[in-house]
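Chemist: Let me begin by handing over the structure; questions about it come next.
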Amino acid sequence: MGTGYTIVIEKDEDGYYVGSVPALPGCHTQGTSIDQLLERMQEAISL
């Protein structure tokens, strides 16, 4: 299921994936894998 939002994903210096949604200020989260990050991003967007 798509969210309809663009998600920007970066990998930080500690190896975590960090995701943010430019259209939703303050909407960001992190995860140890892309799969975990995407699950957490869906939760963050729904909030």
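The values are calculated or read from the model by the stated rules, or taken from the named source; none is laboratory data. As the structure is a computational prediction, the values presented were derived from the model and not from experiment. So basically every Cβ, Gly included, is an ideal-geometry build from the backbone, and we count neighbours across all protein chains shown. These accessible areas exclude ligands, DNA and RNA; they are computed on the full protein's heavy atoms, side chains included. Shrake-Rupley method; radii C 1.70, N 1.55, O 1.52, S 1.80 Å.
Chemist: Sum -39500 (n - 2.57) across every DSSP H segment of at least 4 residues in the chain, then divide by the residue count to get the 222 nm mean residue ellipticity, nearest 500.
Modeler: After summing the helix terms and dividing by residue count, I get -9000 deg cm²/dmol.
Chemist: Over the chain, give the accessible area per residue in Å² for a 1.4 Å probe, as an integer.
Modeler: Solvent-accessible surface per residue comes out at 74 Å².
Chemist: What chymotrypsin sites (Phe, Trp or Tyr not before Pro) in the chain are in a loop by DSSP, with at most 16 other Cβ atoms within 10 Å of the Cβ?
Modeler: Of the chymotrypsin sites (Phe, Trp or Tyr not before Pro), the ones in loops of the chain whose Cβ has at most 16 other Cβ atoms within 10 Å are Tyr5, Tyr16.
Chemist: Compute the long axis of helix 34-46 from its Cα atoms, compare it with the longest principal axis of the Cα atoms of the chain, and write down the angle in degrees, 0 to 90, nearest 10.
Modeler: Helix 34-46 sits at roughly 30 degrees to that axis.
Chemist: Can you give the extra length, in nm with one decimal, that the chain gains between Thr6 and His28 once fully stretched, where that is 0.36 nm per residue apart less the Cα-Cα distance?
Modeler: 6.7 nm
Chemist: If you bin the C-alpha pair distances of the chain every 10 Å from 0, what whole percents do you get?
Modeler: 30, 58, 12, 0
Chemist: So, with a 1.4 angstrom probe, what is the percent of accessible area on the chain that is carbon and sulfur?
Modeler: 49
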